[in-house]
Each structure stands twice: as C-alpha cells, then as structure tokens.
Amino acid sequence: EMKNIFFALFIAISVSSFGQQDKSISMWYQSPMMYNPGSVATGAEDFGFFTNCRLQWLPLTKMRTNILNANFKIPDGFMGSNNFGIGLNVMNDVTGDLGFSTNTISIPINYTLALDNRNKLSVGVSPGFYQQSYTPSHTWENQWQGSGFSGTNTELGLNSSYSTIDISSGVYYQHSMRNRSLLYGGVALNHINKPKIDFSFGSDRLYMQTIVHAGANIVTRKRDLRVNPQIMYSKTGPGSNLVAGISLEHILKEGSAITNINKTVTVDYGFYYRHKDALVTTFGFKVKGFKLGIAFDANLSYLNQATNSIGAVEIYLKTLHLYKTSTKRGKIK
C-alpha cells in the first residue's frame, strides 16, 4: 500500500536504527527554554508554566509528543536588577506500533545580567536525563528468516531501553526599544556530551545539536496591534531544519504597566514555514495570565500523499504569574 511505503521511507530517514529523535514543536517560541537553557525566566513574569500535546502523522501511525515546562525567576539582591533563573523540562515522545519512546528530564539554570536599561544577556546550562526504549515483544508479519518467512520474529541482540546523562548550554540576548518593542535571540548547544545511543554493543552517539533562534515583539503605530516575527535554525549532525514566520497579536484589553501580565487580553494568529516540510497555521488567545493556543501543520513534503497533507495538530497551555509580595507591584488582583 502506498501509505505504508511512504511511512517506511519516513522511518528509515528519521529514526533509522533507533537514531536521534529530537523534539519538533511548532509553538517553540512560546517556551524557548525547551531548546535554549539561556532563555529560562527571561520574560516579564516571575514564574510560569507551559504544557503541550502534539499529534503527528495521524493518517499513518501513532506519534505523540507531550512537554511540560516550568520556570522561576530568583532576584539577585546583591546585584540589583540581575536575576537567576531555574526551570524544569520534561518531554515524552512515543512513535509507532513499536512504542519507540524518548523521555527527557532536565533542569536548566541561568543568570541574567542587565548590561544597561535596554539590554540583557543571559547564560545558562542544563544538566539532564535522556532515555529511549521500544517494545521488544512486537512482531512483524511475513519477515524473512533466512529459510522462510515468519510472523513471530522479534529483533535479537538489542537492548529494549537505555538511559544516559545529557548536557546542554545556551546564551540569550534581549534589547528593549524606546517604543517598548522587544528584540531577542539566542544560541544553544544541546547534547554537548554526545551521549551514547546504547541499544546494542556497537552503539552510536547522539549528534550535538546547534540551535539559533531570534524573534521580536514589535509595537506598531496602532497601539492595539503587535507584530511577532520568529525564526529558528537547527543543525543536528548531517541534518538541519529551518522554520520561520510571523504572527499578529491584537490587544483587546490592555492592562496597566505593572500588572500587564495578568490583565491584558489578546488574540493572535500566524503562519510559519518549516523548510521542505510544512506550512504551520497558529491561533491563540490570552486572558488573565493564561494563554491557550493551537497549531496545525499542513504537510508539504513528499509524504503529503500518504498523510493527506495532515502533518500535525498541536495544542498548548501557558500560564504567567507575578510574585504576590512585592513593594513595587503591590497585590495582584
């Protein structure tokens, strides 16, 4: 069947021999700390949470990704406007009938240095835990055994799971303009220690991944409209990925300068292009410190015939909070 042929090609390219399978999230700019530990706690909020669910290649197979992120800002009383950031990254990714899963847990930590009133530089590191597994009891129909076909075969000589330590680092920069527009970007190195893919004695290693990302929140002449361009490039071994686009944010109700996080009501929508893969359409809204959004990936690659152009569906929930006790901010309502 044509769909099975396309899917077999996809598996051979993306996870051949249990190769590297890093997270691919359409709404990455809502929580860049999942890719760059330097960006932890660099927003206006004092602490926040992010969670998502992504379902990919729905017509072909089961491919689900769940992520949970948390970040907390810790003021540096000695250095005044500087602050520490600490976070938690948890990801669970499951692919196909094999139950091939990737689980990661990391604790990104950074320090944000205020260079002046308009510029900030953050440097972070993220020690973590990386684990992959599959279901060894799975069987394939009509698999060649050397002397004939069998439907009861399982792969021999492979470990069903492995776990290892994973280390990442990154830097993140922010520039505030006079009209309250914000420019930001960063560079991250993930899998610095190149952990082993230890499914067999001849185990390979994960490629180190380089991430370069940038974005902006641009205030336009219309005070109720902001423009948010985003771009991210990743290089993982011989492979690379580029996604870029723009979203428009309409402010339906603007809060005060102090409690803006909790009182502003916005709605946003955008379009992003993942090079040679998909067109991503996004929609979201924010009210009282809660952001909810959805993204749809329309597949444009050679797999679109097998997927009926359905690349992925992704939903996310993000919360933004200020500490309640603050002499400058007062009590949050």
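What ranking, highest mean first, results for peptides 230-240, 123-133 when packing means the other Cβ atoms within 10 Å averaged over each residue? Kindly include the intermediate steps, with their values, before the conclusion.
On the way: 230-240: 15.5, 123-133: 19.7.
Ranked from most to least packed, the peptides come out as 123-133, 230-240.
For the range 38-112, the carbon plus sulfur part of the accessible surface works out to 72%, probe radius 1.4 Å.
The distance separating the Cα centre of the range 25-71 from that of the range 160-184 comes to 12 Å. Each residue of the range 159-172 is assigned a 3J(HN,Hα), and the resulting list reads 6, 7, 6, 7, 9, 7, 7, 10, 10, 9, 8, x, 10, 9 Hz, derived from the Karplus form 6.51 cos²θ - 1.76 cosθ + 1.60 (θ = phi - 60°), x at Gly and Pro. Prolate is the label for the range 164-247, because a/c, from the alpha-carbon gyration tensor with a ≥ b ≥ c as root eigenvalues, is 1.5 or above and a/b exceeds b/c.
Structure note, pairs 23/253; 73/194; 73/286: Cα-Cα distances above 32 angstrom occur for 23/253. Measure off, as a whole percent, the carbon and sulfur share of the 1.4 Å-probe accessible area of the range 164-245, all protein chains present. Result for the range 164-245: 59 percent of the exposed heavy-atom area is carbon or sulfur.
The values are calculated or read from the model by the stated rules, or taken from the named source; none is laboratory data. None of the values given here were measured: they were computed from a predicted structure. For neighbour counting, all protein chains shown are included, and Cβ atoms are generated from backbone atoms with ideal geometry for every residue, glycine included. Keep in mind that these areas ignore ligands, DNA and RNA; they rest on the heavy atoms of the full protein, side chains included. Shrake-Rupley method; radii C 1.70, N 1.55, O 1.52, S 1.80 Å.
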